[in-house]
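The values are calculated or read from the model by the stated rules, or taken from the named source; none is laboratory data. None of these values were measured; they are calculated from a predicted model. Ideal geometry is used to build each Cβ from the backbone, glycine not excepted, and the neighbour counts take in all protein chains shown. We work out accessible area using only protein heavy atoms, side chains counted, and drop any ligands, DNA or RNA first. Shrake-Rupley method; radii C 1.70, N 1.55, O 1.52, S 1.80 Å.
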Amino acid sequence: MLMDTARALFADDKGLLAMDESNPTCNRRFERYKIPSTVDARRAYRELIVTTPGLGECISGAILYDETFRQETSDGRPFLKVLTDAGIIPGIKVDAGATDLAAHPGEKITEGLDGLRERLRDYFQMGARFAKWRAVIAIGDDLPSRSGMEANAHVLARYAALCQEAGLVPIVEPEVLMDGAHTLEQCRKVTEEVLRNVFIQLNCQRVLLEGLILKPNMVLPGLKCAAPATVEEVAQATVKSLWRTVPAAVPGIAFLSGGQSGEQASAHLNAMNSRAMARMPWALSFSFARALQFPALEIWQGKDVNVTAAQQALLHRARCNRSARRGEYSAAMETKVV
Ligand code: 13P
């Protein structure tokens, strides 16, 4: 069943929609548009997303946050039912966020293993078929440390084994952050080292590689790096780091967007799929939050009258990314309605 779920999440060139922002993160994103930080505003926003007509054409799975997992539309339909009726498989974020790693200044460790077995069992019973856990790795002077990488990889593997025991496909997300002035090459080296550690630990914890999804960062220069990289350079560096570290048994890779714009993320994914697809053993897909949602959030601004236009913007980004999976995305798609 794990392998069937993993396959379904990559089928038909569809991808994943991450809509699992924790309440503090969601509120921070709302603040920019003066949208109130309330349960109902978050519910209304997530209703907009899950009821987007046609979303299931491009999206195979949606990652929810616990609050959203239990919510309903204003006319009383559980979000889980709306999603499954649209052919979208529900998933759940199960980590409890990142906190400072003791004795490792500047490094984080993700928490949430306590009681995880019981929570996974409950989520499965409620209808989740996959889960997500994010670890964050910063690049800096002497960072990341070997022990910081190992600690995060170990926890990711423990989480993944528990998910598979519960019948849920684990999304394993080690995110090398874009913050900083590091170069593309530095990001590539760190990404490779992180992924190597992750697969060592996944093997140690007896995780079935065929029944997991890897959600890595793309290899990018830091936000403060003076040397920008071309689309081609990003695609090549990303594919190279994956090629060297990810076993062929893994069914697919679904990138996070990490702070790239919607257009950048689509262009990078497209370049990887158009040049490299023939020799890649795994599907190269997307599991974006910001790069899918931000144009819609900017249009919505918390106002009912903007719901339809916001849904169109979300669908547009989802369609662009489905095209990028096929290597058929082009900048021209951004200027005409698809
Ligand atoms: P972004 O695509 O905004 O990086 O988010 C993906 C995600 O799920 C973060 O955990």
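Were the residues from ARG196 through ALA309 laid out at 0.36 nm apart, the gain over their Cα-Cα distance would be 36.4 nm.
Over the C-alpha trace of the range 190-338, radius of gyration and Dmax come out as 16.7, 53 angstrom. With only Cα atoms counted, the range 7-49 has Rg and Dmax values of 13.6, 40 Å.
Across ASP122, ASP141, ASP20, mean-square fluctuation computed from a Gaussian network of the chain (C-alpha pairs under 10 Å connected) peaks at ASP141. List the relative contact order of the chain as a percent without decimals, with contacts defined as Cα pairs under 8 Å and 6+ residues apart. Reported relative contact order: 18 percent. Evaluated over the range 183-338, the count of Lys pairs having alpha-carbon atoms less than 29 Å apart is 7 (only pairs 8 or more residues apart or interchain).
Placing unit charges on each Cβ (+1 for Lys and Arg, -1 for Asp and Glu) gives the chain a dipole about its Cα centre, and among VAL39, GLY302, VAL239 the Cα reaching farthest toward its positive end belongs to VAL239.
In the range 201-218, which residues have a backbone nitrogen under 17 Å from the label point lying 7 Å from ALA248's Cα in the Cα-to-Cβ direction? Label zone hits: 209-211.
Under 5 Å from the amide H of ALA131 lie the amide H atoms of ILE92, VAL169, ILE171, each residue being 5 or more positions distant or on a separate chain, with H modelled from the backbone and absent for Pro and chain starts. With the charge dipole of the range 1-86 set up from +1 on Lys and Arg Cβ and -1 on Asp and Glu Cβ about the Cα centre, the Cα lying farthest toward the positive end among the listed residues GLN71, CYS26, LEU83 is that of CYS26. Measuring spread by the Cα atoms of the chain yields a radius of gyration and Dmax of 18.7, 53 Å.
Residue order by solvent-accessible surface for PHE79, PHE10 is PHE10, PHE79, largest first, with ligands and nucleic acids left out and a 1.4 Å probe. Secondary structure note: in the chain, about 15% of the DSSP beta bridges are antiparallel.
If only the Cβ of Lys and Arg carry +1 and only the Cβ of Asp and Glu carry -1, the dipole of the chain around its Cα centre is close to 480 debye. For LYS108, the solvent-accessible surface with a 1.4 Å probe is about 80 Å², rounded to the nearest 10.
Report summary: the helix-based calculation at 222 nm, which adds -39500 (n - 2.57) for every DSSP H run with n ≥ 4 and divides by the residues of the chain, gives -14500 deg cm²/dmol.
So if I take the centroid of the Cα atoms in the range 1-66 and the same for the range 278-302, what is the distance between those two points in Å? What the calculation gives is 10 Å, centre to centre.
Normalised by the residues of the range 95-157, what does the relative contact order come to in percent, with Cα pairs under 8 Å and at least six apart? Can you show the working numbers first?
Numbers: 62 pairs, mean separation 23.6, N = 63.
Once normalised by length, the contact order is 38 percent.
Counting only protein chain heavy atoms and rolling a 1.4 Å probe, the accessible areas of CYS204, CYS187 rank, largest first, as CYS204, CYS187.
Taken one residue at a time, the phi angles of the range 106-117 give Karplus couplings (6.51, -1.76, 1.60, θ = phi - 60°) of x, 10, 10, 10, 8, 9, x, 6, 4, x, 5, 4 Hz. Gly and Pro are set to x.
For a modelled paramagnetic label at GLN125, 7 Å from Cα along Cα-to-Cβ, the residues of the range 161-183 in reach, with backbone nitrogen under 15 Å, are 166-167.
Take every pair of alpha-carbon atoms less than 8 Å apart whose residues are at least six positions apart; their mean separation over the length of the range 195-264 yields a relative contact order of 49 percent. Sorted largest first by accessible area at a 1.4 angstrom probe radius, with every protein chain in place, the residues THR335, THR191 fall in the order THR335, THR191. Under a Gaussian network description of the chain, with springs only between Cα atoms under 10 Å, the residue in ALA96, ALA157, ALA135 that fluctuates furthest is ALA96.
Largest mean-square fluctuation among MET280, MET19, MET272, in a Gaussian network model of the chain whose springs join Cα atoms under 10 Å apart, belongs to MET280.
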